[in-house]
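The values are calculated or read from the model by the stated rules, or taken from the named source; none is laboratory data. Just so it is clear, the model here is predicted, and its values are computed rather than measured. Backbone-built Cβ (ideal geometry, glycine too); neighbour counts: all protein chains shown. In case anyone asks, the SASA skips ligands and DNA or RNA and just uses the protein heavy atoms, side chains included. Shrake-Rupley method; radii C 1.70, N 1.55, O 1.52, S 1.80 Å.
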Amino acid sequence: MEITIRKAQETDYESILELFKEFSEFEKLPDKMTNSIERLMEEKDFFNCSIAVTADKKIVGYAAYFYCYYTWIGKSLYMDDLYVKPDYRAKGIGTKLINTVIDIAKASKCHKLRWQVSGWNKPAIDFYKKIGAEIDDVEQNCDLVFN
């Protein structure tokens, strides 16, 4: 299967937003997904995303990320989401997406790449361990949401 990984563009936002919704349903948290095309456009300077595109131009996966600073280690990249549509899984697309994010982190001289994985998502945990990720159970999410 021919897949191209490229940086997302504004013309991709509608398709990407649909993937956000699909991912929120996969995570069993559809009520948490409040993003919109308008918000993506308004906040595009903060949105970094690589997308997986088929030969017929269908967007079938994405990895969204942003730069951050961790006091213990310094400049880092945080991967907020990595998602591939179910029909396209186990075809190396997730690997291509995460390798792209790893390359971006290394090229921009980040000291760490961090992301989260749901404790119930064993296939994702196994995938991340396979690429050498350390998965701990020390920290928990703390969210304060402003809508």
### Query
Asp80 to Glu14: extension gain in nm, 0.36 nm per residue of separation minus the Cα-Cα distance?
21.9 nm
### Message
Given the DSSP H assignment, sum -39500 (n - 2.57) over each helix run of at least 4 residues in the chain and divide by its residue total; what's the result at 222 nm in deg cm²/dmol, nearest 500?
### Response
-9000 deg cm²/dmol
## Note on the structure
Applied in sequence order to the stretch 108-122, the curve 6.51 cos²θ - 1.76 cosθ + 1.60 (Karplus, θ = phi - 60°) yields integer Hz couplings, x standing for Gly and Pro, of 9, 6, 6, 9, 7, 10, 10, 7, 10, 9, 5, x, 7, 8, 4
### Query
How would you classify the stretch 37-84 from its alpha-carbon gyration tensor, with a ≥ b ≥ c the square roots of the eigenvalues: rounded for a/c under 1.5, else prolate if a/b is greater than b/c, otherwise oblate?
oblate
#### Entry: the stretch 65-147 - accessible surface per residue (Å², probe 1.4 Å)
73
### Query
Which of Ser108, Tyr67, Ser24 sits farthest toward the positive end of the charge dipole of the chain, with +1 on the Cβ of Lys and Arg and -1 on the Cβ of Asp and Glu?
Ser108
### Query
So how do 3-14, 60-71 stack up, highest first, on mean other-Cβ count within 10 Å?
60-71, 3-14
### Task
Grab the beta carbon distance between Thr4 and Phe46, set R0 = 35 Å, and tell me the FRET efficiency rounded to 0.05.
0.90
### Query
Going by the alpha-carbon gyration tensor, a ≥ b ≥ c the square roots of its eigenvalues, is the chain rounded (a/c under 1.5) or, if a/c is not under 1.5, prolate (a/b greater than b/c) versus oblate?
rounded
### Query
Peptides 129-138, 26-35, 75-84, 102-111: what's the order by average Cβ count within 10 Å, highest mean first?
75-84, 102-111, 26-35, 129-138
### Query
Applying the Karplus parametrisation 6.51 cos²θ - 1.76 cosθ + 1.60 with θ = phi - 60° to the phi angles of the stretch 92-101, what ³J(HN,Hα) value in whole Hz is obtained for each residue in order, glycine and proline being reported as x?
x, 6, x, 4, 4, 5, 5, 5, 5, 5
